[in-house]
Amino acid sequence: LIYDGGVMAEKGCDVIIDAARELPEITFHLIGSVGAEIKAMECPSNVILYGNKDKSFVQDMLLKCDAFLFLTHFWGEGFSNSLVEAMSAGLPCIVSDWSANVDMIGDDGGVIVKENTKEELIKAIKTIENAETRKRMGLRNSKKAAADYSEGVIIPQYTRLYEMLMNRG
């Protein structure tokens, strides 16, 4: 399983590490700048903290993993580029009930964790244990990313919004 972003408690990485202790058969890849509170935690051997890596490393890792974890409850979090990248890579996603996450994943692109707890995360991971389930969710996510979040879709939407706002002034 993979996470990409600031490796900090506000992004749910403490919950991921706690769940990893109970799931020693799964490797958890956490990519991004590691916050002090995470550095202070004792990580089990199945958690790999990579620190900051370039985009090609992240993209390669996304293609090697089975699912994406995104348990943010960070006050500044809005639309997550990391989540779109994981969706584009065809990964099912386990996300927190926060900001745009629910709209992006919907009912069939992964699992929405209502409470950021170790128990809820473990339950969500078990929900996607089946390879066919992950494949179906991942296919849905790659189609959704292309249809709703690609450059060809987003740029014209922003252009229309900016034009509308300028015309009001």
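Miscellaneous remarks
- Phi-based couplings in Hz for the stretch 124-136 (Karplus 6.51, -1.76, 1.60; Gly and Pro marked x): 5, 4, 5, 5, 10, 4, 6, 4, 5, 4, 4, 4, 4
- Among the GluC sites (Glu not before Pro) within the stretch 16-116, those in coil by DSSP and having at most 13 neighbouring Cβ atoms inside 10 Å are Glu25, Glu42, Glu115.
- The alpha carbon centroids of the stretch 4-42 and the stretch 44-95 are separated by 12 Å.
- Solvent-accessible heavy-atom area per residue, rounded to whole Å², over the chain at 1.4 Å: 53 Å²
- Across the stretch 112-117, rounded Karplus estimates of 3J(HN,Hα) from the backbone phi angles (6.51 cos²θ - 1.76 cosθ + 1.60, θ = phi - 60°) give 9, 8, 6, 10, 6, 10 Hz, Gly and Pro being marked x.
- Measure of compaction for the stretch 1-88 (Cα Rg per 2.2 N^0.38 Å): 1.00
- Only protein atoms count toward the accessible area here, which uses a 1.4 Å probe; on the chain, the carbon and sulfur part of that area reaches 52 percent.
- Distance between the 7 Å Cα→Cβ label points at Ser33 and Lys53: 1.9 nm.
- Size descriptors for the chain, from the alpha-carbon set: Rg then Dmax equal 16.5, 58 Å.
- Projected label distance in nm at Arg168 and Ala146, using a 7 Å step from Cα toward the beta-carbon: 3.5 nm
The values are calculated or read from the model by the stated rules, or taken from the named source; none is laboratory data. Source: prediction; values computed, not measured. Virtual Cβ from ideal backbone geometry, glycine too; neighbours counted across all protein chains shown. The area values use the complete protein model at the heavy-atom level, side chains included, leaving out ligands, DNA and RNA. Shrake-Rupley method; radii C 1.70, N 1.55, O 1.52, S 1.80 Å.
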